[in-house]
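Participant: Structure in structure tokens, see below.
Every number here is computed from the coordinates shown, using simple stated rules; none is lab data. Treat the numbers as computed from the prediction; the structure is a model and nothing was measured. Cβ placement follows ideal geometry from the backbone for every residue including glycine, while neighbour counts extend to all protein chains displayed.
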């Protein structure tokens, strides 16, 4: 017995929609795991053009609001307003996330206004800088040289 009408159409299209959903592109923002997001962005170095603006939002989301990220050929940058507390506290939180997610990173600058990490040897280095961009904005920039 063959079904006709709306049920038949739905039954015929169901496999198509299942496959479409299964192959939808995943972005780092699909998960709230800042560590996985940070590792993905660092792994893209030294060119970041394969990343989308939405990919970095999970890194900053736990430390503030209105996250805006952008990828370019040479860096990946996010800017946001710290939520609940001072910019220095949020900056320390971001630095703690970086240190715990990337244990091989060298933390060579730790000040209330700027945190700097790097991975790799000179000339083939990925650098991560979290800093106060203004009195009420923070920025995270990841860039690589190879």
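Participant: Using a 7 Å offset from Cα along Cα-Cβ at residue 86, what residues in region 99-140 end up with backbone N under 20 Å from the label point?
Facilitator: 109-116, 130-140
Participant: Let me ask something additional. Provide the gained length on full extension for the span residue 65 to residue 110, in nm with one decimal, where the gain is 0.36 nm per separating residue minus the Cα-Cα distance.
Facilitator: On the way: separation 45, 0.36 × 45 = 16.20 nm, distance 2.33 nm.
Full-extension gain reported as 13.9 nm.
Participant: For a quick check: sort 63, 107 by the number of other beta carbons within 10 angstrom, fewest at the front. Could the numbers behind the result be given before it?
Facilitator: Working: 63 26, 107 14.
The most exposed by this proxy come first: 107, 63.
Participant: Given an 8 Å cut-off on Cα distances and at least 6 residues of separation, report the relative contact order of region 28-145 as a percent. Please report the intermediate quantities before stating the final value.
Facilitator: On the way: 254 pairs, mean separation 28.3, N = 118.
Relative CO of region 28-145 lands at 24 percent.
Participant: Starting from the Cα of residue 74, step 7 Å along the direction of its Cβ; do the same at residue 49; then give the gap between the two resulting points in nm.
Facilitator: 1.4 nm
Participant: Indicate the gyration tensor shape class of region 28-145 (rounded, prolate or oblate), computed on the Cα atoms with a ≥ b ≥ c the square roots of the eigenvalues: a/c under 1.5 is rounded; otherwise a/b larger than b/c is prolate and the rest oblate.
Facilitator: Details: a/c = 1.60, a/b = 1.20, b/c = 1.33.
It is oblate, given that a/c is not under 1.5 and a/b is not larger than b/c.
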